[in-house]
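What follows is one structure encoded as structure tokens, with my remarks underneath.
Just so you know, all these numbers are worked out from the coordinates, no wet-lab data involved. In this text the structure is predicted, and so the values were computed from the model without any measurement. FYI the Cβ positions are ideal-geometry reconstructions off the backbone, even for glycines, and counts take in every protein chain you see.
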Amino acid sequence: MDPVKILKRAWHILWSYRALWVFGLILAIATAGSGGGGGGNNGTRYQFDSNETRQLPLPEDFRRGMEEFTREMERLFNEGPQHVDFPREQLTALIWIVVAFTLVMIVLGIIVAIARYVSETAVIRMVDEYESRDTKMSVREGFRIGWSRTSWRLFLINLIVNLPAILLTLILLSAGIGIFFAVENGNLTFNAFSIITLIGLVFLLIFVVAILSIFLRLLRHFFWRVSALEDLGVQESLSRGWALVRENWKSVGLMWLVMVGLGIAWAIASIILFIITIPVVILTAAIALLVSAIPALLLVGIFNLFLSNVLAWVLGIVFVLPLFFTIAFSPWLLLGSWQTVFTSTVWTLTYREIKALPAVETPAELPAAS
């Protein structure tokens, strides 16, 4: 297997197969806040320049309302809820609005999760189809082949891969809560040695789970492709994917090292690219502000029927923040989509090369055997 050949081919596919960008953009949006849990996310966090937001002109009533809101929040934390001047009717309306917002976010999260795994499936199958038959699919055809049971299987495989990290989080959280209440009730005491030992065990456990998670995420590339390209169930995909990596561990390890090196190079390049594209992001942020202003003002007008002016403004802004962030950071999301598509393409080509290795080696071995 030639890693350089695979990288060159993946680079060519990235720039010649524009339909993949749509699915890469969906993946970039879906994994932007997951901390690298996705197939190609680089874990970059995007932030606004707070100095820019302070310079934006705000309505005078909004300024006064924010000052009043800040004072009431200070009274809430310092004196308790009984000392906060908040009418019961507005409190009831606020609770219902918060519940509605939570439900909207849950539904939106489900839709984004579905779109993510449909896009993962589509990118894998579109690249494989292009390599097999030299046929480029449209975005519509990509969604058609992505919308399948395989998307659900990819979700389950990803859940299994992330299971050690999930269990570790639950164990540490439960142990922390148990230790806190035990110390509060006087049932448990610590000396310096026990504290150092406990901290050491926690860090050791985190280190072991981190190494295991890195290894499982490497295997996930092959689990996903076995499921997507061979149309197998979760258990068979795990079994065949593991067997494929075990039999070709040198090739897989070499490509993993190459991708780690590219990841470091991309992290350095992305910093430069982010700095260069700041003027573009400022422009898209201004566009996002104009686009988000209309739904925000509509929501503020609706919320004013039930809430005070300041709460109506706060909730109106909170409701449109996802739209604002998506438009404002679209240039950086586009960069992330290219990196996501390139990474997925590299691993699909690697899978195809490894699958083809036995077929290439068999004819050379036949004369020797005879």
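Can you compute the FRET efficiency between R18 and R149 using 1/(1 + (r/R0)^6), with r the Cβ-Cβ distance and R0 = 25 Å? Round to the nearest 0.05. Before the final figure, lay out the partial values.
Values: r = 28 Å, r/R0 = 1.11.
E(calc), rounded to 0.05, equals 0.35.
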| Between N304 and I179, what length in nm is gained on full extension when 0.36 nm per residue of separation is reduced by their alpha carbon distance? | 40.4 nm
| Net lengthening on full extension, E247/L357 (0.36 nm per residue, minus Cα-Cα) | 38.5 nm
| Once fully extended, how much extra length lies between A265 and I166, figured as 0.36 nm per residue of separation less the alpha-carbon to alpha-carbon distance? | 32.7 nm
| field | Spin-label pair I282/L212, simplified geometry with 7 Å Cα→Cβ offset, distance in nm | value | 4.9
| Quick one: Kirkwood hydrodynamic radius for region 134-266, alpha-carbon pairs, angstrom, one decimal? | 18.3
| request: Please give every one of the lysines within straight-line cross-link reach of K136, meaning a C-alpha to C-alpha distance under 25 Å, and leave out same-chain neighbours fewer than 8 residues apart. | output: K5, K8, K355
